[in-house]
Amino acid sequence: MNNGLLTGDTSEVAAPHVGGTTDGERRPRVFGTVLGRDGWPLEPATVTLVGPAGGQLGRAAVGGDGRFDVLVPTAGPATLIVASPGALPVARAVTIPPAGLDLGPVTLARPGDAGTPHAGRWTIDPAHSTIAVTAQHLALSKVHGRFRQFSGELVVADPLEQSRCEARIAAGSIDTGNEQRDAHLRSEDFLDAERCPEIRYRSTAIESAGPGRWTVHGRLDLAGTTRDVPLDVRYRGSRPDPWGGVRAGFTATARLNREDFRMNWNQAVELGLSLVGTHLLVELDIQAVLAG
């Protein structure tokens, strides 16, 4: 990836040449990734390299995958500056070898970020949260849906392993953008929303899975059947909101076999191929408000 070279002090920077060479020699590259405390790529962000005399050697925007790649005119000492809106910038002295420098991951923190959320009761804000479900169709493409009505809370304890969470989802609020399909999903072939109007998840145990990550074990009540379903949860930090409160962000994923919940409807299209995939991907993007 080449994000180009933005020059500053022209006394330190030679004009770029086709093929990334200067005076017939290959210019060094400085590359790596920019991540947040949760391990996700941080965007937007910029990476700037400054020479000993204070002039800019090169600058690049960070891509959606968190990667950056900066061409500099010569090897030698430099100062690396990594910045992103709302995050604490990082400045680091580096020495760039003639062959280039792989910086690996560079982590930026935001004010209020920590390894664990603040202890207390957090209420899910459905206006700024999403519960999405993805299924395969004909093994060719994916159908995406989301539940429009849900609520829940997270009680964060100290120690964290004693925390708990609970969520309630209106089964009839499924929305895939196609009313005929949504009506079928609400029927007894799938969600059985008339007989089982509420989908409910209750945690039973929480264990650490790394910095800012946990595995939440819990029981999912869906379509009249209850099964153990683990959630892979990431904490994305917390910060004050404009209304005097404090908010925290979480993401979570789970994979379900719909046949475990007696949602067995399908239609064979040809030998070994079904209309609807058996496995479902559930993705939660949650914003919660500290209630006390």
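See the values below:
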{"quantity": "First in segment 154-183 and in contact (Cβ under 8 Å) with a residue 40 or more places away in the chain and in the same structural domain as THR134 (by TED's automatic domain parsing), second anywhere and part of a strand (DSSP E or B) and surrounded by fewer than 15 Cβ atoms within 10 Å (Cβ to Cβ), Cβ under 7 Å, 6 or more apart", "calculated": "GLU161/GLU207; ALA171/GLU198"}
{"quantity": "Meets criteria (surrounded by fewer than 17 Cβ atoms within 10 Å (Cβ to Cβ), out of contact with any helix residue (DSSP H, G or I) (no Cβ under 6 Å at 6 or more places or on another chain) and of a type in the set (Lys, Arg)) for ARG146", "calculated": "yes"}
{"quantity": "Filter pass, ASP260 being in the same structural domain as ALA135 (by TED's automatic domain parsing), part of a strand (DSSP E or B) and either at pLDDT 80 or above or more than 24 Å from SER141 (Cα to Cα) (or both)", "calculated": "no"}
{"quantity": "Flag if ILE206 is farther than 24 Å from ALA127 by Cα and among the hydrophobic types (A, V, I, L, M, F, W, C)", "calculated": "yes"}
{"quantity": "Residue that is farthest from ASP228 (Cα to Cα), among those in segment 139-192 that are among the basic types (Lys, Arg) and outside any loop (DSSP other than H, G, I, E, B)", "calculated": "ARG181"}
{"quantity": "Pair list, Cβ under 8 Å, 6 or more apart: segment 216-239 residue within 18 Å of GLN162 (Cα to Cα) and modelled with pLDDT under 95, other residue not in a strand (DSSP E or B) and not acidic (Asp, Glu)", "calculated": "ARG234/GLY39; ARG234/TRP40; ARG234/GLY212; TYR235/GLY115; TYR235/THR116; TYR235/PRO117; TYR235/GLY212"}
{"quantity": "Every residue from segment 75-109 that is more than 19 Å from the chain's Cα centre (by Cα) and in contact (Cβ under 8 Å) with a residue 60 or more places away in the chain", "calculated": "VAL94, ILE96, PRO97, PRO98, ALA99, GLY100, LEU101, ASP102, LEU103, GLY104"}
{"quantity": "Counted residues, segment 41-64 - those being farther than 26 Å from ARG26 by Cα and either among the hydroxyl-bearing types (Ser, Thr, Tyr) or in contact with a Ser or Thr (Cβ under 8 Å, 6 or more places away or on another chain) (or both)", "calculated": "5"}
{"quantity": "Pick from segment 17-56, criterion modelled with pLDDT under 95 and aliphatic (A, V, I, L, M), ranking: surrounded by the fewest Cβ atoms within 10 Å (Cβ to Cβ)", "calculated": "VAL18"}
{"quantity": "Residue in segment 130-138 that is out of contact with any Cys (no Cβ under 8 Å at 6 or more places or on another chain), at pLDDT 95 or above and not in a strand (DSSP E or B) present", "calculated": "no"}
{"quantity": "Selection count, segment 59-88, where residues are surrounded by fewer than 18 Cβ atoms within 10 Å (Cβ to Cβ) and in a loop (DSSP other than H, G, I, E, B)", "calculated": "8"}
{"quantity": "Number of the condition not met by GLY120 [criteria: (1) free of Cβ contacts under 8 Å to residues at least 24 places away in the same chain; (2) out of contact with any helix residue (DSSP H, G or I) (no Cβ under 8 Å at 6 or more places or on another chain); (3) of a type in the set (Gly, Ala, Ser)]", "calculated": "(1)"}
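The values are calculated or read from the model by the stated rules, or taken from the named source; none is laboratory data. What you are looking at is a predicted structure, and each value in this text was computed from that prediction instead of being measured. In this analysis, Cβ positions are derived from the backbone assuming ideal geometry, glycine residues included, and neighbour counts consider all displayed protein chains.
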